[in-house]
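The values are calculated or read from the model by the stated rules, or taken from the named source; none is laboratory data. From a predicted model like this one, the values you see are computed outputs, not experimental measurements. With ideal geometry, Cβ positions are generated from the backbone for all residues, glycine too; neighbour counts draw on all protein chains shown.
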Amino acid sequence: MKRVLLGDIAKISSGGTPDRANPAYWGGDIPWVKTGEIQFGIIRDAEEKITARALDESPAKMVPPGSLLMAMYGQGKTRGQVALLGIRAAINQACAAISPQDPDDSRYLFQYLAANYENVRRLSNSGSQENLNAELIRGIPIFYPEKTERQKIADILGMWDEALEKLDALIAAKTRRKQALMQQLLTGRRRLQGFGLPWVKSKLGDLFFNRTENNRLDLPLLSITADQGVVSRESLTKRDTSSEDKSKYLRIAPGDIGYNTMRMWQGVSALSTMEGIVSPAYTILTPSARIDGRFTAHLFKLRHTISLFHRHSQGLVDDTLNLKYPHFAKIEVTVPNDVAEQRAIAAVLNTADAELGRLRQQLTALDHQKRGLMQQLLTGKKKVNVQLS
């Protein structure tokens with residue numbers, strides 16, 4: 001099994017930042033890439049552009065298309081991410097440009113470095129801020145089979161990337177369609193066939209009761225999330241910060257809506273299909289006979305409604321804003337007077353959500369399969385058939 005160091009098969013360099021105070025350097029037509037734009041994929045444009053003068057007089061470095069870019073430092077998960085450069089662009093000092101001696105190696109090295117992202121991150125310097133540098137990147141060990149096999153591996157994994165990209169684009173399109181449906185159906189701009197009664201303005205306090213039942217230690221601990229809804233606390237991977245004393249935890253029942261009192265202005269609410277207890281940091285709402293919970297679960301995600309929640313939240317700054325039930329109850333919304341229409345609207349939006357859920361499951365499964373294939377092909381555990389012409 002042949003292994004080489006990245007520095008043996010590629011040149012590693014970096015760029016720089018033109019003087020921000022010099023307007024002659026900015027607003028040109030030369031793309032200037034920063035680390036935040038290095039995300040696994042192909043870079044086809046940059047947020048900022050510099051001038052030819054900036055390129056001549058500053059440390060910014062021009063990099064040809066086909067090069068690889070790696071983020072040497074950055075916030076969160078940025079450090080260690082890699083991308084293929086699909087354009088001629090300049091880069092800043094936090095980007096490492098990886099220029100293979102054999103240009104045909106770009107796609108293979110992209111797949112290899114992406115697969116070894118966590119290992120690359122662990123190479124970072126120790127200290128107050130963990131960063132990569134050119135020397136560390138040169139020392140990355142690379143599994144390096146014969147050229148025909150490298151190209152075949154890149155072709156195979158590239159096909160998976162293409163499938164993932166298409167599925168991701170489909171999800172984005174379906175998400176936009178669902179958001180447009182929400183905007184139309186939840187505001188009455190578009191009416192479903194068979195419904196013609198007027199919509200009415202109501203205070204949320206007239207539509208929901210505040211469930212304050214506690215001391216139910218016989219019930220399981222649940223959590224309310226922004227993207228997964230109401231889930232078992234055990235299903236979450238994040239650290240459990242709940243209090244040992246659960247006597248003040250609130251009961252939530254199927255059909256209730258729970259919301260994060262401190263984050264309702266960010267739209268953190270969900271309809272529950274489970275019975276359990278949640279932290280007192282949440283507010284629990286039980287729908288009255290006048291309102292359908294599934295309808296309002298969607299209504300509470302509408303941008304206009306979230307804006308109302310923000311406006312009625314109490315606190316000096318966003319970090320301290322809270323929307324307790326008495327203030328929530330005063331908010332007015334316009335809803336169908338016919339509960340049957342509310343349910344019909346909810347059914348349409350639930351169908352859209354179900355379709356998105358299936359597509360996201362497919363994306364997750366496809367990504368998992370690709371990662372398994374990368375583990376096999378990029379370590380030599382599985383050989384590819386290379387037909388010589």
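If I filter segment 12-32 for residues that are in contact with a Phe, Trp or Tyr (Cβ under 7 Å, 6 or more places away or on another chain), among the small types (Gly, Ala, Ser) and surrounded by 15 or more Cβ atoms within 10 Å (Cβ to Cβ), do I get at least one hit?
No, because not a single residue in segment 12-32 is in contact with a Phe, Trp or Tyr (Cβ under 7 Å, 6 or more places away or on another chain), among the small types (Gly, Ala, Ser) and surrounded by 15 or more Cβ atoms within 10 Å (Cβ to Cβ).
Here's the yes/no breakdown for (1) assigned to a strand (DSSP E or B); (2) over 26 Å from Gly194 (Cβ atoms); (3) modelled with pLDDT of 95 or more; (4) in the same structural domain as Leu302 (by TED's automatic domain parsing):
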{"position": "Asp319", "(1), (2), (3), (4)": "no, yes, no, yes"}
{"position": "Lys330", "(1), (2), (3), (4)": "no, yes, yes, yes"}
{"position": "Ala347", "(1), (2), (3), (4)": "no, no, yes, no"}
{"position": "Asn350", "(1), (2), (3), (4)": "no, no, yes, no"}
{"position": "Gln375", "(1), (2), (3), (4)": "no, yes, no, no"}
{"position": "Thr379", "(1), (2), (3), (4)": "no, yes, no, no"}
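Being in contact (Cβ under 8 Å) with a residue 40 or more places away in the chain, among the hydroxyl-bearing types (Ser, Thr, Tyr) and assigned by TED's automatic domain parsing to the domain that holds Arg88 is the requirement here; does Thr51 meet it? Give the derivation first.
Details: in contact (Cβ under 8 Å) with a residue 40 or more places away in the chain: no; among the hydroxyl-bearing types (Ser, Thr, Tyr): yes; assigned by TED's automatic domain parsing to the domain that holds Arg88: yes.
So Thr51 fails the test.
For Lys174, which of the numbered conditions (1) in the same structural domain as Asn350 (by TED's automatic domain parsing); (2) assigned to a helix (DSSP H, G or I); (3) loosely packed, with under 12 Cβ neighbours inside 10 Å fails to hold?
Condition not satisfied by Lys174: (3).
Take residues that are in contact (Cβ under 8 Å) with a residue 60 or more places away in the chain and tell me which of the strands (runs of 3 or more DSSP E) falling wholly in segment 238-303 contain 3 or more.
Output list reads 282-287.
Mind listing whichever residues of segment 185-219 are basic (Lys, Arg), in a loop (DSSP other than H, G, I, E, B) and under 33 Å from the mean Cα position of the chain (by Cα)? Show your work before the answer.
Step one: of segment 185-219, the residues basic (Lys, Arg) are 189-191, 201, 203, 211, 216.
Still in the list and also in a loop (DSSP other than H, G, I, E, B): 189-191, 216.
Of everything in segment 185-219, those that are basic (Lys, Arg), in a loop (DSSP other than H, G, I, E, B) and under 33 Å from the mean Cα position of the chain (by Cα) turn out to be Arg189, Arg190, Arg191.
Pick out, from segment 48-157, the helices (runs of 4 or more DSSP H) lying fully within it that include 3 or more residues that are at pLDDT 95 or above and within 18 Å of Gly7 (Cα to Cα).
106-115
Which residue pairs have Cβ atoms under 6 Å apart, sit 6 or more places apart or on different chains, and have a first residue in segment 182-199 that is within 13 Å of Asp338 (Cα to Cα) and a second that is among the hydrophobic types (A, V, I, L, M, F, W, C) and assigned to a helix (DSSP H, G or I)?
Partner pairs satisfying both residue conditions: Leu192/Ala344.
Just to be sure before I move on: is Gln314 surrounded by fewer than 18 Cβ atoms within 10 Å (Cβ to Cβ), under 22 Å from the mean Cα position of the chain (by Cα) and of a type in the set (S, T, N, Q) in the structure I sent?
no
I'm trying to understand the selection: among the residues of segment 232-261, which are hydrophobic (A, V, I, L, M, F, W, C) and either closer than 24 Å to Ile291 by Cβ or modelled with pLDDT of 95 or more (or both)? Explain how you work it out, then say what you get.
The initial filter retains those residues of segment 232-261 that are hydrophobic (A, V, I, L, M, F, W, C), namely 236, 250, 252-253, 257.
Across segment 232-261, the qualifying residues are Leu250, Ile252, Ala253, Ile257.
Does Phe309 fit the bill of being closer than 14 Å to Met262 by Cα and surrounded by 20 or more Cβ atoms within 10 Å (Cβ to Cβ)?
Against the criterion (closer than 14 Å to Met262 by Cα and surrounded by 20 or more Cβ atoms within 10 Å (Cβ to Cβ)), Phe309 qualifies.
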